[in-house]
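K.L.:
The structure that follows is given in the form of structure tokens.
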Amino acid sequence: MDVTIIGCGYVGLVTGTCLASIGHTVRGVEKDQRKLKSLLEGHCPIFEPGLQELMTENMSEGRLSFTENVKTAVKDAEIVFLCVGTPPKPDGTVDMSFLEGAGKEVCDALAELNNDYLVTIIVKSTVPAGTNRKLHNFLKTQTKAYVQVVSNPEFLKEGTAVQDCLAPDRIVVGGESPEAFRMIRRLYDPLVKREEHFMTMNWESAELTKYAANAMLAARISFMNEMTILCDAYGADVEDIRKGIGTDSRIGPAFLRAGCGYGGSCFPKDVAALEHISRAVGYQNLFVDVIQQVNENQKKRFVEKIAGKLGRPLQGATIAVWGLAFKADTDDIRESPALNVIRYLLDGGAKVRAHDYKGMENMRQVFKDEIEFVSDPVTAAAGCDAVALITDWPQYTTLPFRKIAATMNQPIIFDGRNCLQRDVMRESGFQYYPMGRPPVEQTLRLKNRV
Ligand code: UGA
């Protein structure tokens, strides 16, 4: 099929590239000149495992191309994806201006064409309930072209986006046109493994499904993060509890890992948006309120734990921060717990030496010379009073810990992701503080206690 993608950000680029890889002809429209230049040269502007390779393959086989011109891009399109951002406004409501602008531009372009076939406009962006219906009604008044708006929320995760896109758990489609549903079913045909995993519903149900999915996943994490408080108080192990409940087939094992809080461009934004969507109908959503509060508290608790167990004042201490990205396998630092943790450490008078495998450049834009950026984790820890691990990059689990302990001022690790092995920490001579798990406390060979 002939597909146009408006907005080659994260979702748009992954979706477009994956659709090209299953045989469709895809044109991506990007207005940001820097990003467009990179795309035209065949360079993937974001870090996402497998995406660059897939892009190169599909561009060279002629199925994937990029332009800044909406008009030429929609000329032959049967399907137009709107993949523009819906960022939160300062008051927490969703900024719809990019979506409305893109919809209008597509509409103007379609109005100049006299095509007599159906153009399905798919909204991938996460939008409040009722938005797609409004957009549909708006576009109907703007164009002579035969258009149908359909909501098709995205469930892919950064770091595994290509895989998630090519092997989705389910495809959710909201709208009211059986003809548009049939077109989308055809578009996704190679990806539909079981018919019941292709779901059609009304616009509002599809829109709320997206928010509900992210809020449910965030709730599971916040629930486990709350459990770490009880685990710390009673000497229980949150990892044992995770296994103990995750094997219940009604609960399932996913998204039960406790830590120093969730981040990213989606969970914080979508949970906050759900709160506002609730308020808009006069309802205070207590549940989503708590999910967010727990997440904020967890980042503070992590720093309080550091201050409490450091064995010296935080003021004047040097802390190595391992991990800046909001999770492993991405350079994305949006709403990363590292942002708050570093800020709290600085506010407490500590010095920070930071390391990440991909997120250093992005974090440099935020903290500039307020903190020191060090290109490898071993050097970052040398001379420090503690390490605070915030992102679960697998590389951190196999570092030469004995060597690291020997170079630190105090060999103490605060594991905000519960990803290091307690035995290894003990054998390497570390004082080890995970989240909601029994710590390893041993006599330290302190070099320079203040
Ligand atoms: C999330 C959802 O998982 C996707 O399904 C959704 O499509 C996407 O948002 C979106 O709305 O676009 P993403 O933000 O890429 O995907 O990342 P996740 O893997 O969900 O992780 C989010 C945060 O939760 C990370 O900070 C991660 O460290 C944290 N997390 C995740 C935990 O603290 N514990 C867990 O068990 C899992």
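K.L.:
From the list Glu112, Glu105, Glu53, which one is closer than 19 Å to Val162 by Cα and open to solvent by 70 Å² or more (accessible area, probe 1.4 Å)?
P.N.:
Glu53
K.L.:
Please verify whether Lys71 is open to solvent by 60 Å² or more (accessible area, probe 1.4 Å) and closer than 21 Å to Leu40 by Cβ, treating the condition exactly as stated.
P.N.:
In short, yes.
K.L.:
Where in the range 307-403 are there helices (runs of 4 or more DSSP H), lying wholly inside it, with at least 3 residues that are buried (at least 19 other Cβ atoms within 10 Å of the Cβ)?
P.N.:
So the answer is 337-347, 377-381.
K.L.:
Could I ask something else about it? For residues that are open to solvent by 60 Å² or more (accessible area, probe 1.4 Å) and over 22 Å from Pro168 (Cα atoms), scanning just the range 210-231, find the one that is nearest to the chain's Cα centre (by Cα).
P.N.:
Here the answer is Phe223.
K.L.:
Another question, then. Could you list, in sequence order, all residues of the range 154-188 that are in contact with a strand residue (DSSP E or B) (Cβ under 9 Å, 6 or more places away or on another chain), of a type outside the set (Val, Ile, Thr) and closer than 20 Å to Asp2 by Cα?
P.N.:
Ser177, Pro178, Glu179, Ala180, Phe181, Met183, Arg185, Leu187, Tyr188
K.L.:
Go through the residues of the range 111-125 one by one and say whether even a single one is of a type in the set (Phe, Trp, Tyr) and farther than 18 Å from Ile6 by Cβ.
P.N.:
Yes, some residue in the range 111-125 is of a type in the set (Phe, Trp, Tyr) and farther than 18 Å from Ile6 by Cβ.
K.L.:
If you check Ile306 against the conditions, is it at pLDDT 95 or above and within 16 Å of the ligand (Cβ to nearest atom)?
P.N.:
no
K.L.:
Follow-up. Would you say Glu207 is acidic (Asp, Glu), within 16 Å of the ligand (Cβ to nearest atom), buried (at least 17 other Cβ atoms within 10 Å of the Cβ) and modelled with pLDDT under 95?
P.N.:
No, not satisfied.
K.L.:
So which residues in the range 156-182 are within 16 Å of the ligand (Cβ to nearest atom) and either polar (S, T, N, Q) or open to solvent by 50 Å² or more (accessible area, probe 1.4 Å) (or both), if there are any at all?
P.N.:
Lys157, Thr160, Gln163, Leu166, Ala167, Asp169, Arg170
K.L.:
Residue check, Gly282 against (1) more than 16 Å from the ligand (Cβ to nearest atom); (2) assigned to a helix (DSSP H, G or I), all met but one. Which one?
P.N.:
In the conditions (1) more than 16 Å from the ligand (Cβ to nearest atom); (2) assigned to a helix (DSSP H, G or I), Gly282 misses (2) alone.
K.L.:
Looking at the range 1-46, which of the residues that are of a type in the set (S, T, N, Q) and in contact (Cβ under 8 Å) with a residue 60 or more places away in the chain is nearest to the ligand (Cβ to nearest atom)?
P.N.:
The residue in question is Thr15.
K.L.:
Given the criterion of a type in the set (A, V, I, L, M), open to solvent by 20 Å² or more (accessible area, probe 1.4 Å) and either in contact with a helix residue (DSSP H, G or I) (Cβ under 6 Å, 6 or more places away or on another chain) or within 16 Å of the ligand (Cβ to nearest atom) (or both), identify the matching residue among Ala129, Ala145, Ala236.
P.N.:
Within the list Ala129, Ala145, Ala236, the selection yields Ala129.
K.L.:
Another one. Please determine, by comparing only the residues of the range 192-211 that are part of a helix (DSSP H, G or I) and either touching a His at 6+ places or on another chain (Cβ under 9 Å) or free of Cβ contacts under 8 Å to residues at least 24 places away in the same chain (or both), which one is nearest to Gln298 (Cα to Cα).
P.N.:
Within the range 192-211, the match that is nearest to Gln298 (Cα to Cα) is Trp203.
The values are calculated or read from the model by the stated rules, or taken from the named source; none is laboratory data. Note that the structure is a prediction, hence the values are computed from the model and not measured. Every residue, glycine as well, gets a Cβ built from its backbone with ideal geometry; the counts of neighbours run over all protein chains shown. Accessible surface areas use protein heavy atoms only, side chains included; no ligands, DNA or RNA. Shrake-Rupley method; radii C 1.70, N 1.55, O 1.52, S 1.80 Å.
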